[in-house]
Every structure is written in structure tokens, then in C-alpha cells.
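Just so you know, all these numbers are worked out from the coordinates, no wet-lab data involved. Note that this is a predicted model, so its numbers are computed, not measured. Backbone-built Cβ (ideal geometry, glycine too); neighbour counts: all protein chains shown.
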Amino acid sequence: MFFDSDLFLSALRALTPILLAALGGALCERAGVFNIGLEGMMLMGCFTAVATSWFTGSPWLGVLAAALAAAAYSLILAVGAVTLKGDAVVLGVAMNLLAVGLTSFLLRTVFGVQGTFDDPDLVGLPEIAGFSPLTWLSWAAVGVAAVLLSRHAWGLRLRGVGEAPDAAATLGVSPVKYKYGAVLASGVLCGLAGAQLALGNVTLFSENMTAGRGWIAVVAVMLGRALPLGVLLAALLFGLAEAAGFRLQGLGLPQQATDAAPYVVTLIALFLTTAKRRRKTGAVA
Amino acid sequence: MATTPTATASPAARVLRSPVFFSVVAAVAIGALFLIGTGADPLAAYGAVLTGSLGSDGIGSTLTTGTSVLGMALALAIPLRAGLINLGGDGQLVLGGIAAAAVGLYSPLPAPLTTALAVLAGMAAGALYAALAALCDIKFGVPLLVSSLLLSYPAASLASYLVRYPLKEPGSSLPQTPRLPEGVELPAFGTSTVTLGLVLVALAAVAYYLVDARTAVGYEMRMTGLNSRFTAYAGVRRGPQTLRLMAVSGALAGLVGSVGVLSFPFRFLDGSLTAPGYTWTGLTAALLAAAAPLGTVLASFFFAVLQVGGLSMERTTEVPRELTQVLQAIVIVFLAARLRITWRRRKGDVKA
């Protein structure tokens, strides 16, 4: 069997970091902040998680520190794009570059190694019923975000701030406060994504280890139209393509073809969904 | 605001009050804090950056790095001038390199003609691939930012496949093509590593300057960047313009790829074109200069100095060279936070 439960399980493992980051991106999108700094925030989370787990011996403290560090890092976007009204795209690109430089710099000054820090004494996250606790958390987060955005006053105000900031302001809802909230929440989620990547999927830190996952999360937000369930499906599609790729590799397809598969599948999915939306609305996007 | 200097301000005052100057100074100051934090002497470290990159030992290396950085900066500045961001530079660069390597290895023509053909093949490969990203935007409504980025990964995989199987050097343990035949290379200046590639990239910069300043196409490009609704109203067709600008952008990225293959190490080695991060450095330079031609050249030189100088800083002060990458990003963080203030005023809320 090609599509068996093993394939599905490995897809679920691969998808956790992307899902967490994409949920953060979706919250920002809903609040009207285009966040392409997910990759950098996640990388900061990876490094903080590994460093904290190494020095304290506790992966849980690592997870907590990663969430806090990435949230602090996300303030660059909040201050730059919301308060100073800077360009969010440029800020995001700069944050991603800064994270690569900063974590590589710290890797060398703190650990004295170049490339990869990998030590048998580094403690990773335990598994609960076959999955990392952060995987369970990510599924819970999908539900919470879905309910929050569609039912709770906070979520409705957040959407209002994103769609009509002036109208929200006249109703006494501070757009700045909600936008900051969304960006900080995305920071926390990306920090958790990074912790999952560096203490769950593997137990090490290597330079630029996020390797484009933050960008995939940006695409998942777009593909899932910033809906929590949509984002879950989009991330699942990517995870399945990746897992299927590994499987095909076993059947003799070159590794490079399977490396490329998730990106091609995502691009095709984008084609299909935008084409469908166009037919429905009759608009030329 | 400091970002909209009046016509009466003296040039010196304008420089001091420009956001670019502020960002660079702020980044250098923060870098000094980092250096003090690691126990290094900031003056010695920055001194090592300058002597290492501009001294007689380093200038050749700075110009070689500068060739690639400037080429990629131009590639990304040209669409940026019209408000488009091409995030697929790596893919276009790598395809340019592998196309140049394939032509260089298999063309039956004499060496000089093969070299020229290889450069053209590299440019064509990059241009076609970038045009594909533009088509995704125009025809299928996938935003250019995303389409160019997503296409970049499969391109790198394709090149990686080609260099591991059909084009692999027999018997080598590295994923690399054989060395190009004798004479299939860009002529170097004297014994240095600086090649004709620098001249080609410099010519591209001059061409960009002239087109930007003197032609209708350049005017349309700048106006689209400032206010795309206005130019659409005035009859500039967005689709064909995007396609053209992306093709030129990809061609330049492909040029950088072919220059990288047709000079040392005279072969395509998997990952060697993208590892130094020319695409991102180039994008940073283009952003710093707001895609203005002269500014892009200056910013590229500045970043090449940082990149090469970082190595000698590491040798003399034991401060990791990654610090220069941090500085580069900090410049753009500061700039991005201040830049939009002017853009917004001029553009209204086009992006929203």
C-alpha cells in the first residue's frame, strides 16, 4: 500500500512546525499585517530552544524560552510595520536575514561551533501517545483559533481591525492593540514551531535549519485563505507531498525530484484555488 | 520629516538627514555593541574589515565578490523599481550556471565562441525561468512574490539532479561537472581572479542607469513603482511590463550564474553558487538603494566590502564573520521602518 497509515503519520510529524507558523501568519493576515518574517521568527525559536534545553537540561524550559524569544523578535515587525508604518514585506525579508546571521553568530560565540550543534546530552521533547506534545498543541491551536476568529469577540474585533481599521477605531477598538496582539501571537506560535523543529523533529541546531518552512507557512496562509482549518488543510497537503516524496525515493526516484515535489504541488494547488475563486467571483484578481 | 528634504538643503545636510545614512550609522553602532559584548575592540574589528577588503590583498577578492553581488542586486532592483519583488533569484542564478556549464562542456565551437554562447545560454535560462514566475502572476493570479519563490526550489533541485547524474564528472566524489575545456572561460585581468564578468555586470549597470533615466520604458517603470494605479490609468499594461521586467531580471541572475561557472572553479559545483548568499545580499543592496541605479552600485560595493572584510575581521579579532551578515540585515530593518513613511505619502495606499 502506498497511501498507508505510516505515510500519514510521517506527514503529520513533518507538518507541525509549518502548521504552527502558518496559524500565526493567519492571525496576522486577519489583522491586516502581512507577515513574511515567519521563517526568521521560527529560526530564532530553534536556536533559543536548543540553547535553553542545553544549559538548563529541560526541554520544557526550552519550549517556553523559544516562545518568549520569538515573541520578542516579532516586536521588530510590530513596531516597524504597525507603529512606524514601515513596509511589512521589506521588514519580513530583513527579519529572516537577521535571524540567519544572528543565530549563526550566536552558534559560534555561545557554542564555539560552526554549522551544526549536535550533542548526545542535548535533551529533546518526549513523545505523548506517539506524537510530540507540540503536535497535540498545534491541533488544539487550530480549534482554538477557529473558534476565536468566528465566535469570540476578540476574533471578530481582530477581523474588523484587518478589514476596516477606521471603522473599528470609531467603535472604540484600537487597531494598534489588536495588530500588536496578532503579531506577538504569531511570534509565540513561530517560537513553538522552532522548538518543535529543533527539539522534536530532530534534536540539534544547524545554521538556517528552517530551510524555507517559514515561507511554506506564508504560502499555506494564502492557500488556506487565512482560515485556521484552511491553513491546516494547506499544511497537510504540503506534509503529504513531502512524505509521499520520501516514499517515492524508496521506489527509485531521485532524491532531487522528491525534494522539489512539495513546492510544485503547492504551486499547482495555488493555481487551482485561484482559478476556482476567479470563476466564482468573475473578477480578475 | 527628515525623509523629504527641501530643495534648498545643501547636499551634505541631505545626506546626513537621509534614512539610508541613519540606517547605516545605526547598524554600525549596534555592531560595535556586539563587538564589545564579545570582548573585541570595535575599532580594531572595523579597521580589519576595511584593510582586509580594500587593501592590496583584498581588493581583488572584493571586486570578484562585488561582481556577483552587483549582478544579483541589479537583477532584483529592476523589478523592484516597478514595485515588484523577485524572490526567485537563487533558482534563476542556478539555472543560469548549469546552462552555461552544459554549453561550455558540449558546444563544438571554438573556445571563445563557446564562452560567449555559454554566457548567452545562462542568461536565456534565467530569463525564461523568471518569465515563468511572471506568467504565474499574470495568467494564474499567484502573486509574483510567492510564484518566484516557490519556483526557486525546484530549479535548485533540477540543477542538483543534473550535476549528480547526466553532467557529473566521472569518477569524482563531488557533485560537480567536469572542468570546462581549455580556454572556455572569461578572460581574467592579469593574475587576479577579477574577470571580464565584472565588465559585463558594470555594462548592465550603465545600461540600467541610462534606461532608467533617459527612456520612456524607464519612466514607466519608475512611475509604476510609485503609483501603479496611475500608470494603469495612463495606459501602461501591467502584465507585459511585469513579464519584460522579470525576463530582464532573470537574465541578469543567469548572467551571474554563468560568470560563476566561467571563472574559478571553471565548473558547476552543486550549491557553490547559492552558498555565499549573493541573492539575499543583492536584494538587501537593491532595497537599501530603493532600486536607484547609482545607489544600487554603491550599496553592492558596500556589502561586498562587508562580506570580504568580515573574513579578515575573523582572522585578526576572532569575531565570527557572521557579524557582517547581522549588520547587513540591521541596516534594512532600520531602513524598512523609516522608508514607508515617504513611500506612503507619495503612493497613497496602493498596496493595501
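For chain A, what is the mean residue ellipticity at 222 nm derived from helices alone (per DSSP H run of n ≥ 4: -39500 (n - 2.57); sum divided by total residues; nearest 500 deg cm²/dmol)?
-24500 deg cm²/dmol
What does the convex hull of the Cα atoms of the stretch B:6-83 come to per residue, in Å³, rounded to a whole number?
Each residue corresponds to 157 Å³ of Cα convex hull volume.
Using the per-residue mean of other Cβ atoms lying within 10 Å as a proxy for protection, in what order, highest first, do the peptides B:249-256, B:330-337 fall?
B:249-256, B:330-337
Out of all Cα-Cα pairs in the protein assembly as shown, roughly what percent, to the nearest whole number, are more than 44 Å apart?
In whole percent, the long-distance tail amounts to 18.
Over the alpha-carbon set of the stretch A:91-165, divide Rg by the Kirkwood Rh and report the Rg/Rh ratio to two decimals.
We get a ratio of 1.18 for the stretch A:91-165.
Give me the net charge for the shell around B:Ala156: Cβ to Cβ below 15 angstrom, other residues only, Lys and Arg +1, Asp and Glu -1.
That sum, taken over residues with Cβ under 15 Å, equals -2.
Under a point-charge model restricted to the Cβ atoms of Lys and Arg (+1) and Asp and Glu (-1), what is the dipole moment magnitude of chain B relative to its Cα centre, in debye to the nearest 20?
That gives a dipole near 1460 debye.
Mean Kyte-Doolittle of at least 1.6 plus a Cα span of 24 Å or more along the axis: flag which DSSP H helices in chain B meet both, please.
Those that pass (Cα extent of 24 Å or more, hydropathy at least 1.6) are B:19-37, B:196-214.
Multiplying the sequence separation of B:Tyr106 and B:Glu318 by 0.36 nm and subtracting their Cα-Cα distance, what value in nm do you get?
Length difference between fully extended and current span is 71.8 nm.
If you average 1/r over every pair of different alpha-carbon atoms in the stretch B:203-257 and take one over that average, what Kirkwood value in Å do you get?
Radius from the Kirkwood sum: 12.0 Å.
Considering every pair of different Cα atoms, what Kirkwood radius, in Å, is found for the stretch B:234-345?
It is 16.4 Å.
In whole Å, largest first, what are the principal axis extents of the Cα atoms in chain B?
63, 57, 32
Which one, B:Gln92, A:Val265, A:Ala26, projects farthest toward the positive side of the charge dipole computed for the protein assembly as shown from Cβ point charges (K/R +1, D/E -1)?
Projecting each Cα onto the dipole axis, the largest value belongs to A:Ala26.
So what's the back-of-envelope 222 nm ellipticity for chain B, counting only DSSP H runs of four-plus at -39500 (n - 2.57) apiece and dividing by all residues, rounded to 500?
-24500 deg cm²/dmol
Report the relative contact order of chain B, percent, no decimals, based on alpha-carbon pairs under 8 angstrom and at least 6 residues apart.
33 percent.
Give me the Å³ per residue figure for the convex hull around the C-alpha atoms of the stretch A:14-214.
For the stretch A:14-214, the hull spanned by Cα atoms encloses 105 Å³ per residue.
Based solely on C-alpha atoms, express the radius of gyration and the Dmax of the stretch A:33-138 in angstrom.
Gyration radius and largest Cα-Cα distance of the stretch A:33-138: 15.3, 46 Å.
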